1. Could you please tell me which pairs satisfy a Cβ distance under 7 Å, a separation of 6+ or placement on different chains, a first residue in segment 567-592 that is at pLDDT 95 or above, and a second residue that is acidic (Asp, Glu) and not in a loop (DSSP other than H, G, I, E, B)?
2. When both residues are 6+ apart or on different chains and their Cβ atoms are under 8 Å apart, which pairs have a first residue that lies in segment 278-298 and is in the same structural domain as Pro319 (by TED's automatic domain parsing) and closer than 24 Å to Lys573 by Cβ, and a second that is surrounded by 19 or more Cβ atoms within 10 Å (Cβ to Cβ) and of a type in the set (S, T, N, Q)?
3. Taking only pairs six or more apart or across chains, which ones have beta-carbon atoms under 7 Å, a first residue in segment 233-249 that is part of a helix (DSSP H, G or I), and a second residue that is buried (at least 24 other Cβ atoms within 10 Å of the Cβ)?
4. Looking at (1) in contact with a Ser or Thr (Cβ under 9 Å, 6 or more places away or on another chain); (2) more than 30 Å from Asp285 (Cα to Cα), can you tell me which one Ser551 breaks?
5. Ile192: part of a helix (DSSP H, G or I) and in contact with a Lys or Arg (Cβ under 9 Å, 6 or more places away or on another chain), yes or no?
6. Which of the residues spanning segment 211-227 are of a type in the set (A, V, I, L, M, F, W, C), in a loop (DSSP other than H, G, I, E, B) and at pLDDT 85 or above?
7. Scan segment 457-473 for residues that are over 21 Å from Lys702 (Cβ atoms) and crowded, with 24+ Cβ neighbours inside 10 Å and report the count.
8. So Arg239 passes all but one of these: (1) open to solvent by 20 Å² or more (accessible area, probe 1.4 Å); (2) in contact with a Ser or Thr (Cβ under 9 Å, 6 or more places away or on another chain). Which condition number does it fail?
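The values are calculated or read from the model by the stated rules, or taken from the named source; none is laboratory data. These numbers were taken from a predicted model, which means no experiment stands behind them. Cβ: placed from backbone, ideal geometry, glycine included. Neighbour counts: every protein chain shown. In case anyone asks, the SASA skips ligands and DNA or RNA and just uses the protein heavy atoms, side chains included. Shrake-Rupley method; radii C 1.70, N 1.55, O 1.52, S 1.80 Å.
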Amino acid sequence: METNRRQFIKVSAVGAGGLAIGLQTLSWATGSKSESEPIGIDDVKGPAQNRYPTYCEICFWKCAGWTYTDENDNILKIIGNENDPHCNGRLCPRGTGGIGMYYDDNRLKTPLIRKEINGEQVFEKASWDEAFDFIAKKMQKIAKEHGPECIALFNHGSGGKYLGHMLKAFGSDNVAAPSYAQCRGPREVGFIATFGSPIGSPEPTDIRDTKCLVLIGSHIGENMHNGQVQEMSDAIDKRATIITVDPRYSTAASKSKYWLPIKPATDLALLLAWTHVIIEEELYDKEYIEKYSYGFDELKAHVKNMTPEWAYGITTIKPDVIRKTAREMANAAPAVIVHPGRHVTWYGDDTQRTRAIAILNALLGSWGRRGGFFIPDKIHLPKLKTPKYPKPQRTWKDAFPGKFRLAELALSSGICEATVPTTERDCSFKAWIVYGTNLIETLPNQAQTLEAIKNLDLLVAIDTMPMEITGYADVILPECTYLERYDDIRTSGTRYPSIALRMPASPPKYDSKPAWWIAKNLAEKLGLGEYFPYDDITEVLDWQLKQIGSSLEEMQKVGVKTFDREYDDIFFKNDEDIEFNTNTGKIELYSTAMLDEGFDPMPVYTKHPEPDPGFYRLIYGRAPMHTFSRTTNNPLLNDLMDENKIWINPKVAAQWGLTTGQEIWLKNQDGIVSNFPVKVRVTERIRWDSIYIVHGFGHTNKKLTRTYGKGVSDQKLITNVMTDPVMGGTGMRGNFVTFLTEKPSEEEMKKGNPYFNKEDSVKVGKEDKS
């Protein structure tokens with residue numbers, strides 16, 4: 001396929017939204033049972049007969065549960081596993097709504113290959129063998145002409161490990177998860193620079209025993225990180241003080257003693273002012289700081305003039321409120337948490353902002369202390385012996401010489417940028433394998449993403465749903481849902497080690513397959529079968545479990561198993577000697593690692609751009625029933641929320657003559673217009689200088705029948721990306737929008753809109769004629 005002719009193609013009923021015909025009867029481990037007609041969620045009414053252990057795939061918290069089926073293997077419900085430390089037997093709406101993924105009639109159903117017939121690009125149904133042959137030949141050609149390192153994997157989900165293993169065996173370690181550069185990366189780098197340890201997932205916050213919880217841009221209750229929500233509820237019952245810093249009156253703010261409606265982009269000034277108060281009033285943990293920290297005197301001098309009065313002029317938070325909230329934290333210390341958040345890629349100085357959060361926790365003595373941060377423990381499963389990976393000749397970092405050296409993982413945005421050829425690079429990426437992530441709605445700056453895609457020789461999309469990225473693929477591979485497959489044993493670190501099993505509750509529908517099977521069979525086509533020395537993943541799971549005193553048979557019965565900690569080290573002991581994994585062996589208030597890379601060793605506030613008159617800062621967030629754009633078409637979760645709405649302050653609404661329920665279009669600072677209109681919600685819960693929408697809506701693929709055209713895509717309006725110079729995170733909150741009360745003109749809709757079509761405002765490409 002000539003890359004300069006790549007078109008967006010709709011996935012037809014052969015691949016999604018209809019019956020896949022002519023399928024063979026396959027085993028549960030390798031594929032789908034045959035079926036004459038699809039079973040819908042409303043067709044299942046029988047009593048529960050069997051239950052199977054699983055853990056959720058809808059968010060990273062991965063709560064363990066039980067999937068119940070009827071006598072015909074139809075899935076009935078999912079409930080929490082009462083022995084699971086992630087959920088304590090209680091699932092969130094997304095967890096219980098997981099069966100909607102299984103029954104979604106828009107699912108991808110069969111492999112598809114892009115072909116050109118009579119001058120038109122179409123997707124044709126293919127066998128798995130044909131699809132693997134196509135991919136393998138393309139990969140081998142790219143490796144021969146450019147090197148295997150010019151192939152990259154983008155992944156989001158459990159199956160990415162198998163595909164990453166395959167790609168590394170092929171000779172490329174360019175494996176990126178958007179959850180790093182677009183979400184938590186600055187947090188990890190900031191905490192490593194301070195404590196020598198990343199935060200990790202789930203976050204090791206001892207919320208249930210805290211006396212003061214500070215949320216600064218962290219939306220517990222809306223991001224629905226299950227264990228944290230339950231622990232926050234417990235903390236509230238124990239009368240813990242909650243302090244929420246947010247320009248929006250969020251769910252967490254409604255439960256707080258203090259809501260600080262901060263001016264957006266000024267959080268770092270508030271953190272530095274809090275630090276000033278705690279040091280100047282000698283509210284810090286003197287023994288802890290003296291024993292464990294490095295650079296206190298430098299920090300004291302650094303924040304000497306960063307008073308609450310100084311911060312007031314920047315943040316609009318009154319000085320007495322800054323002092324009161326700082327004292328609340330100190331009074332609770334060390335049982336206090338200034339929460340590190342998760343999605344922290346905001347303004348381009350995000351590593352320094354999360355450094356300020358880490359420093360504040362250090363001053364309060366909360367790291368390694370009850371009610372603050374505990375030291376997580378986890379089980380380490382043995383790995384199968386396989387050949388060593390070939391050593392790559394280059395990596396993604398070679399495209400950015402001297403930059404982002406503190407980034408511990410590959411940057412998805414960096415790989416995207418390095419796919420567009422330039423005269424400065426001697427090589428660009430030639431192939432992407434995209435697993436479980438809709439890059440069109442995940443990466444900021446859609447124009448760059450689409451330009452990168454145009455320059456690819458191969459794009460493989462592996463997904464359960466016909467997300468927008470599949471329309472640009474050369475090959476589409478349908479993955480079965482997490483309820484239809486085995487995956488790796490869950491071993492995430494918590495207060496004590498635990499493991500959880502995911503096993504299929506029903507055979508895979510249609511001709512969908514699990515990721516381990518896809519990676520293994522593609523590896524065999526590439527001549528790399530020795531890296532997958534098993535016939536079925538259950539062989540590996542049983543062997544691993546037996547090495548730690550369990551077995552697959554046991555885990556199929558119990559689902560979750562917990563273990564004692566090897567050492568009593570969940571919290572620091574009084575006067576215990578601790579060596580931190582930093583250059584000095586101390587908690588670095590003054591970061592030597594940052595200094596060595598040419599960055600400020602202590603956080604410095606810098607002023608960020610503000611909106612022009614008539615424009616408002618675009619703030620986006622989460623809803624408890626949805627995970628990004630992945631769940632908006634789920635029939636159960638779509639019933640709970642089928643579109644986003646734009647929150648507008650009453651003062652602004654009055655100026656524009658806007659009313660609740662009115663439909664408007666949004667236009668950003670670069671003239672980019674939303675594909676669809678969005679309904680107004682007039683509310684005092686948002687500042688006058690900002691607007692708010694929930695992320696994940698505004699889908700442009702008509703095969704997502706429940707969510708197509710509902711609401712607006714915030715990602716399309718994020719064209720100004722402020723790159724964090726420390727680790728390359730993509731700051732996305734420097735974008736501003738204005739309102740269009742009349743339907744935009746054709747000229748306005750065309751600008752920067754890859755989907756534009758005069759009839760329905762969406763370019764959907766050629767119909768699949770297969």
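1. Pairs found: Thr582/Glu588; Tyr590/Glu298.
2. Close Cβ pairs satisfying both conditions: Tyr294/Thr582.
3. Cβ pairs passing all conditions: Ala235/Thr210; Ala235/Leu213.
4. Result: Ser551 fails condition (1) only.
5. Spelling it out, it is not the case that Ile192 is part of a helix (DSSP H, G or I) and in contact with a Lys or Arg (Cβ under 9 Å, 6 or more places away or on another chain).
6. Ile220 - this is the single residue of segment 211-227 that is of a type in the set (A, V, I, L, M, F, W, C), in a loop (DSSP other than H, G, I, E, B) and at pLDDT 85 or above.
7. 2
8. Of everything listed in (1) open to solvent by 20 Å² or more (accessible area, probe 1.4 Å); (2) in contact with a Ser or Thr (Cβ under 9 Å, 6 or more places away or on another chain), Arg239 misses just condition (2).
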